[in-house]
Structure formats: structure tokens, C-alpha cells
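The values are calculated or read from the model by the stated rules, or taken from the named source; none is laboratory data. Just so it is clear, the structure is predicted and the values come from calculations on it, not from any experiment. Backbone-built Cβ (ideal geometry, glycine too); neighbour counts: all protein chains shown. Ligands, DNA and RNA are stripped out before the accessible areas are found, and what is left, the full protein with its side chains, is counted by its heavy atoms. Shrake-Rupley method; radii C 1.70, N 1.55, O 1.52, S 1.80 Å.
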Amino acid sequence: MDGIKSLVSKLTLKEKCSLVSGFDSWHTQPVERLEIPSVMMTDGPHGLRKMDENKKTASATCFPSGAALASSWDRELLEKIGAAIGEEAQAEKISIVLGPACNIKRSPLCGRNFEYFSEDPYLSGQMAKHHVLGVQSQGVGTSLKHFCANNQETMRMRIDEQIDERTLREIYLSGFETAVKEAEPATVMCSYNSVNGMPLACSKRLLTDVLRHEWGFDGFVMTDWGAIKERAECVAAGLDLEMPGCNGVFNDEIENAVQGGALAIEKLDRAVERVLTFVFGAVKRQKEGVSYSVEEHDRLAREAAADCMVLLKNKESVLPLKKEDKVLFVGGFAETPRYQGGGSSHIQPLRTTSLLDALKERGIVFSYSKGFSAKSDEIDEKLEAKALAAAKTADKVVVMAGLPDFYESEGYDRTHLRLPPNQNRLIELLAGVCSNIIVVLSNGAPVEMPWEPLADGILEGYLGGQASGGAVCDILYGDKNPSGRLAETFPLRLEDNPSYLNFPGAQGRVDYREGIYTGYRYYDKKKIPVLYPFGHGLSYTSFSYDCLKLDEEEFEEEDVLILTCRITNTGDRAGAEVAQLYIAAPGIQADRAPKELKGFSKVFLNPGESKIVTFRLDSRSFAYYNVSEKGWFCEPGFHRILVGSTPADIRLEQKIMVRPGRVPRLKVSPYMTVREVLEHPEAKKEISFFVDRYTAKERINDQDGALNPQMIDAMFREMPLKTLTVLYPELFSQDDLETLLKRLEPYGV
Ligand code: BGC
């Protein structure tokens with residue numbers, strides 16, 4: 001760092017201004033005079049998109065997209081894929097791979113949901129953390145994006161999101177927080193949007209106070225492409241690098257601000273230092289002569305795609321298919337797979353495997369009828385008729401359905417959750433002529449399934465990367481046992497989604513009125529039935545759970561609680577189970593979701609085998625964000641710990657008493673109510689003298705029988721202290737009020 005500081009001191013102001021913007025779309029700025037090199041970055045997140053000057057993209061392995069990867073619930077897999085991407089980056093001399101994308105799926109309509117992990121912040125944070133660890137294990141940097149709350153594509157470059165502080169902390173920041181604190185990404189990419197009126201690129205609060213001071217981030221912050229706002233203000237706020245390069249257009253703004261005193265030179269120096277610290281480090285970490293095995297990465301992509309697929313339905317074990325089943329495959333996606341999304345994450349794959357290729361390779365005898373095109377949503381009656389005729393003689397029909405490319409992409413949001421009409425119609429018609437219908441889906445986000453009751457099997461394949469055709473074959477024929485779990489809720493209808501009334505907003509503004517109730521938190525609380533819940537996913541085998549043990553009977557703040565339980569494969573196939581741990585808090589101090597995911601563990605078991613899985617909970621696992629105290633608080637009292645195969649299939653449960661080290665402070669005033677004092681675990685003793693007097697004496701007068709005892713009690717609790725002195729001067733005098741307020745002071749803010 002000292003070397004960097006002295007280098008910075010040799011730079012002219014103009015050179016400094018140039019170094020805080022990119023050289024072009026993908027490079028940092030070099031300064032030949034001082035031998036400052038330039039390094040290259042590319043998109044991400046699920047493979048490399050390295051472009052040359054002619055906008056030609058080099059080939060790379062296309063791994064499953066974020067939505068698919070999160071459905072694996074497999075930290076190790078994320079690290080392996082990250083490491084493979086890092087290896088490819090080293091081979092291509094890339095210093096930063098842009099990603100992972102850690103935004104929350106607020107609405108299933110968001111066009112970029114295929115890149116994002118989950119509707120749940122814990123799962124998103126874990127996935128992002130392990131992706132970063134994987135890529136960075138190869139000496140290549142990551143850019144955790146899009147910080148933060150980039151939850152829609154409509155008006156994406158200027159939308160102002162109104163998000164209350166608790167929701168921001170608990171839902172939209174906490175995944176980023178985990179990845180920053182536990183994986184230390186080299187860079188963070190700030191998003192286009194504004195939060196509560198402040199564009200991210202100039203939000204000192206988020207870029208400096210939260211990211212650096214609270215979470216300890218010490219890499220550099222770059223903008224999303226074109227997300228720069230007031231140039232000098234951004235530097236002052238803690239934005240280090242503007243991307244892509246601006247051809248010097250904004251350099252004068254910075255220079256003038258420094259010369260006019262509006263921007264302290266120290267702030268510009270600091271940004272330059274951070275960028276150069278990375279650049280020189282990256283050059284050192286570059287390895288010579290790295291090459292990778294295209295075969296191996298393709299194998300990993302196939303393995304991963306299979307581990308991500310979610311078996312949603314398997315009526316009467318229609319799956320796995322047997323070699324001797326007479327199977328008809330229908331749907332254009334069987335020959336033209338859709339395996340990645342559109343936009344900046346689009347990869348030029350090294351190779352692709354379609355389902356038809358994989359079936360042939362495996363030596364399966366099958367028939368295929370296109371039925372509909374993968375590229376169009378128009379009904380083609382001739383194709384339909386052929387598929388229906390072929391289905392009549394089949395034992396089982398597998399429909400390769402999904403969203404055509406133009407249905408979802410970066411740049412715009414969907415407006416509905418429907419599959420194309422040609423597909424919905426054909427699935428229903430096929431169900432009329434064949435009794436075993438299996439639907440395999442290729443899509444980046446939830447779809448409605450009007451034909452769901454007619455389907456015997458449903459496999460959610462997501463956008464599974466270049467080898468997804470092979471992976472579908474592996475799952476359908478049982479070479480691999482499905483072990484994916486939904487990382488998001490599939491609602492019955494779009495209208496049920498918690499953001500429905502406030503998405504995507506209007507006139508440049510969107511209100512996050514559902515607050516902390518995103519995804520399953522909302523469906524659970526409102527008891528709204530869904531098509532498939534968060535965490536859902538079936539296997540070809542079965543698992544039992546027992547022996548839940550906690551290493552403590554009570555949890556005190558700052559403790560670490562270790563939980564173990566035993567899982568046994570009770571079926572006759574090897575397979576992996578995802579044990580999920582939820583916490584149900586008392587919800588008295590703060591409104592809480594019925595349960596929140598706080599741990600998970602994926603374990604592979606041979607038939608009859610048992611393993612102990614371990615979960616680790618800390619204060620944060622129990623905590624909510626207290627806005628007035630600006631901090632995380634655990635509620636005192638019993639919390640339920642629920643461990644299960646899915647949230648709807650909780651197998652083990654235990655209560656634990658939580659004893660927080662600190663309690664929220666009171667806002668002491670004559671207008672606080674009796675209830676506020678009584679609810680404070682320590683301060684309540686100060687008011688007991690009055691409660692005793694009140695109970696001993698006659699309580700509120702019920703002169704004409706209008707007040708029942710519950711109402712009398714409620715009125716008493718909701719009474720402001722000052723009002724008591726007016727209504728009950730003989731029980732609670734002005735002196736009593738003053739004494740009480742003094743005694744409450746130590747508990748006050
Ligand atoms: C996207 C980023 C991407 C960047 C560079 C932007 O439009 O939002 O995710 O990394 O372009 O391609």
C-alpha cells in the first residue's frame with residue numbers, strides 16, 4: 001500500500017482523473033509514463049464473456065445460470081463452478097469476472113431473475129459467498145453485483161425504490177453482507193437504481209458507511225455499465241471506478257471539482273489507490289500458461305445442471321423412465337435447448353448438448369415429434385396433429401417445454417407468468433391421448449401451469465447451461481437422482497405475489513410496500529396456497545430424519561449454537577437430501593415472518609446410509625433489524641427451530657430459549673404507554689408499583705356495563721403515562737410520573 005501511495009503521489013491530477021474510469025468497455029486505464037498496467041474484466045456470472053475490439057466473443061464453458069445454481073443448495077458445487085470459471089479466466093488473462101449477481105427475486109416478473117439466486121437473503125448470500133470463494137481461489141477477482149436492490153428491469157437505469165430501513169437491511173442487503181464479510185470479493189458493482197431518492201453511484205451511506213465502515217469491505221467499487229451520476233459526488237461518496245470508460249468526458253468534472261475545492265483531493269487519491277492496489281495485485285496473481293480441459297468443464301457443467309434440476313411432481317413414480325419404456329419426446333426444446341438467458345451474461349458456449357443428442361449417445365430407442373417450435377409461441381396445427389398421433393402409441397410422453405428466448409431477458413421484465421399458448425395447449429391435448437405425461441421445463445423463472453393436475457411428472461430444468469440436454473437425460477433415465485430444491489416460490493397466479501400491486505411502479509418510482517414479506521415469508525404469513533413452495537423438490541429415494549440435538553438449552557447473545565441431526569436414506573437408490581433449517585421467532589418486539597431460512601445442508605447418502613448433519617446458528621440467525629436502535633436484536637423468549645426436507649415437510653422441531661444480551665432502548669416520554677413499559681423486559685419492574693395499586697384498587701370504572709374485562713385491561717395498557725395522571729390522580733400523581741420517568745431514563749435512547 002505504501003508503494004501505491006507513493007505512486008499516487010507521482011501522478012498528475014489529470015492522470016488521477018483518468019484512472020478512476022475504465023480505458024474502454026473492459027479494461028482499466030494504463031499510465032505508460034509510470035508503468036501502470038491495465039487489466040481486463042469480463043462478464044460473468046456463469047461463464048466468461050470475453051469480447052475483443054470487434055465485439056467478437058471468445059468461447060467459454062456455459063455453466064448453469066444463477067437461478068439454476070441456487071436450486072442445487074450446494075455450497076461445494078458453487079465453489080467448484082467458481083473455480084472452473086476462475087481457471088478459464090486465468091487462461092484468458094482476465095482479472096475480474098463480473099458477478100455473482102446477488103439480487104433478491106422480489107417479483108417473478110423481473111427479466112433478470114434467471115441470473116439471480118433466490119427470493120431468500122440467506123440462500124442468496126450463501127450462494128454468492130461460495131461463488132466468490134471459488135472464482136477468487138484461482139487468483140481472479142469477482143464483482144459482487146448489483147449493489148443493491150436491482151430488482152427490476154423496467155426503468156432500470158433510473159428507478160427510485162422506496163424501501164424502509166428494516167426491509168433494506170433484512171432482505172435486500174443481507175445477502176451482500178454475507179458475501180462481503182465472508183468471501184471478500186475484490187470488487188463490488190453498484191447498481192443503476194436509486195434507493196430512497198439516492199442513486200447508488202453517489203450513495204455515501206451505502207457505498208461507504210454500510211459497505212466499508214460497517215462490513216469492512218476493502219476492495220474497490222465500480223459502477224454498473226453507465227450507472228455513473230454526478231461525477232465528483234460519486235467519488236466523494238466512495239465510488240472508485242466508473243465503467244465503461246467515458247473517453248475522458250467526465251474527467252474535467254472531477255478535475256474542476258478538485259480545483260474548485262468541491263472534492264477533496266484525498267478522496268480522489270483514495271479511489272485511485274484502491275483501483276491501483278487491485279491492478280498491481282491482479283498482475284501478480286496472473287498465471288502463465290494456464291489451460292483447462294474443455295472436456296472436464298463440460299462434464300462439470302453437466303453434473304451441475306443435473307444437481308440443480310428440481311423434480312416438482314412424480315405421480316406414481318412415473319420417473320425415472322426405463323430403457324424399455326416406449327417414450328415419445330415432444331417439443332422444440334429437445335433439439336434446440338434453451339440453456340442460458342439473454343443480455344450481458346450471454347456466453348458463446350464451447351459446445352452444447354441437446355436432449356436428442358444425449359438420448360442417442362446413451363443408446364436409447366425413442367421417438368420424437370416437434371409439436372411446437374422453441375423459438376415461437378404460435379400454434380402450428382400440423383406439428384400438433386403429428387405429435388398427438390404419435391402420442392397415441394407411446395407409453396409415456398415427455399414434453400420439453402419452456403420459455404422462448406424473447407419471453408425473458410435482461411433489459412425488460414415479463415408482464416405475465418404464462419408459457420406460450422402453443423405449449424399450454426399441446427400439453428393439455430397430449431394428456432387427452434396418453435396417460436403418462438411428463439413436462440420438463442427450461443425457463444429462468446416461475447411459470448404458471450394450468451395443466452399441472454394433468455401432468456404426472458414435472459421436472460424444472462431452469463436454464464442449465466451448455467450441457468443441460470445431457471443432464472435432463474441423466475435425470476429422466478435415473479442415472480442421476482434429482483436433488484434440487486426451489487430457491488423461489490412458484491405461485492398459483494401472478495396476482496398472488498406480494499409485490500403484485502407495486503411492481504414495477506410508475507413515474508420513476510416504486511414502493512416496496514410488502515416490506516420484509518418477500519416470497520415465502522408472505523405466502524406463509526397470509527396462508528396463501530402456492531403451486532410449489534420455496535424449498536420444494538422430490539427425489540427418487542426417501543429420507544428419514546431423527547436425533548435432533550442442540551448443544552445448549554438456552555441461547556445467549558454472542559453464543560454459537562451447534563445443532564445436529566441424523567439423516568438416513570431409507571430408499572433403494574443413492575441420492576442427496578437438502579436438510580433445511582428455519583427459525584420461527586416469537587414476533588412480539590417486531591413483526592416476523594412465520595419462519596425464516598437460517599441454515600441448510602446437502603448430504604449425499606447411499607441406500608441405508610445415515611449421516612449426521614451439523615448446523616451452526618449465531619445471534620444473527622435469531623435477529624431482526626431494529627430501526628430506531630440501528631442494529632440487530634434478538635427477541636427474548638422461546639424460538640422454534642424447525643428442520644425438514646421442505647418448509648411444508650418439517651420433520652424435527654425443538655424450542656430454544658433466547659436470552660439477548662441487550663434489549664432495545666425505550667423512547668422515554670410522558671406520552672409512552674403503560675404497554676410500552678410493560679413489554680420492556682427490564683424496565684417493566686419500574687412501573688410495577690402502579691400496576692399493583694391499580695389492580696388492588698378498582699380499575700377503570702365500568703358504570704353502565706359497557707366495558708368487558710378484556711376491554712378494561714386493553715384500555716389500561718394502551719394509556720399514555722401522562723393521561724393516567726389526569727384520569728387516576730389518586731393512583732398516579734404528577735410526582736409519580738416524574739419519578740417513573742427518571743427511573744426509566746437508564747433504559748432510554
Ligand atoms: C449489466 C451488468 C453487466 C454489465 C457489463 C450491465 O448492463 O447490468 O450486469 O456486468 O452490463 O456487461
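For the reader, a short list of remarks on this structure follows.
- For segment 131-159, a residue qualifies if it is more than 16 Å from the ligand (Cβ to nearest atom) and buried (at least 24 other Cβ atoms within 10 Å of the Cβ), and exactly one does: G134.
- Each residue in segment 428-484 was checked for being of a type in the set (A, V, I, L, M, F, W, C) and closer than 19 Å to S542 by Cα, and 4 pass.
- Some residue of segment 167-183 being outside any helix (DSSP H, G or I) and open to solvent by less than 10 Å² (accessible area, probe 1.4 Å): no
- Complete set of residues in segment 220-249 that are within 16 Å of the ligand (Cβ to nearest atom) and of a type in the set (G, A, S): G226, A227, G245
- Filtered by the rule that a residue be acidic (D, E) and within 16 Å of the ligand (Cβ to nearest atom), segment 115-129 gives a lone residue, E115.
- Meets criteria (hydroxyl-bearing (S, T, Y), more than 16 Å from the ligand (Cβ to nearest atom), open to solvent by less than 40 Å² (accessible area, probe 1.4 Å) and assigned by TED's automatic domain parsing to the domain that holds M41) for T208: yes
- So D649, is it within 21 Å of T518 (Cβ to Cβ), within 26 Å of the chain's Cα centre (by Cα) and open to solvent by 50 Å² or more (accessible area, probe 1.4 Å): no
- When residues in segment 220-241 are screened for being open to solvent by less than 10 Å² (accessible area, probe 1.4 Å) and within 16 Å of L19 (Cα to Cα), 11 of them pass.
- Residue that is within 29 Å of E577 (Cβ to Cβ) and under 21 Å from the mean Cα position of the chain (by Cα), where the choices are L312, L319: L312
- Conditions (1) among the aliphatic types (A, V, I, L, M); (2) open to solvent by 10 Å² or more (accessible area, probe 1.4 Å); (3) closer than 23 Å to E177 by Cβ; (4) in a loop (DSSP other than H, G, I, E, B); number of the one not met by L109: (3)
- Selection status of S345, within 16 Å of the ligand (Cβ to nearest atom) and of a type outside the set (A, V, I, L, M): yes
- Filter result (modelled with pLDDT of 95 or more and of a type in the set (S, T, N, Q)) within segment 399-456: S409, T415, N422, Q423, N424, N436, S442, N443
- Members of segment 329-379 that are open to solvent by 60 Å² or more (accessible area, probe 1.4 Å), closer than 16 Å to L463 by Cβ and part of a strand (DSSP E or B): Q348
- When segment 287-301 is filtered for residues that are within 11 Å of T61 (Cα to Cα) and not hydroxyl-bearing (S, T, Y), the ones remaining, listed by number, are V294, E295, E296, H297, D298, R299, L300, A301.
- Number of residues in segment 652-669 that are more than 29 Å from the chain's Cα centre (by Cα) and at pLDDT 95 or above equals 3.
- Within segment 103-114, none of the residues are more than 16 Å from the ligand (Cβ to nearest atom) and under 30 Å from G281 (Cβ atoms).
- Listed by position, the helices (runs of 4 or more DSSP H) inside segment 656-749 whose residues that are among the aliphatic types (A, V, I, L, M) and open to solvent by less than 30 Å² (accessible area, probe 1.4 Å) number at least 2 are 674-678, 721-727, 734-744.
- Residue within segment 136-150 that is of a type in the set (F, W, Y), closer than 30 Å to V578 by Cβ and assigned to a helix (DSSP H, G or I) present: no
This table checks each residue for (1) out of contact with any strand residue (DSSP E or B) (no Cβ under 7 Å at 6 or more places or on another chain); (2) open to solvent by 10 Å² or more (accessible area, probe 1.4 Å); (3) within 15 Å of the ligand (Cβ to nearest atom); (4) not assigned by TED's automatic domain parsing to the domain that holds G470.
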{"residue": "K14", "(1), (2), (3), (4)": "yes, yes, no, yes"}
{"residue": "G22", "(1), (2), (3), (4)": "no, no, yes, yes"}
{"residue": "P37", "(1), (2), (3), (4)": "yes, yes, no, yes"}
{"residue": "M40", "(1), (2), (3), (4)": "no, yes, yes, yes"}
{"residue": "S65", "(1), (2), (3), (4)": "yes, no, yes, yes"}
{"residue": "E79", "(1), (2), (3), (4)": "yes, yes, no, yes"}
{"residue": "A83", "(1), (2), (3), (4)": "yes, yes, no, yes"}
{"residue": "E88", "(1), (2), (3), (4)": "no, no, no, yes"}
{"residue": "E92", "(1), (2), (3), (4)": "yes, yes, no, yes"}
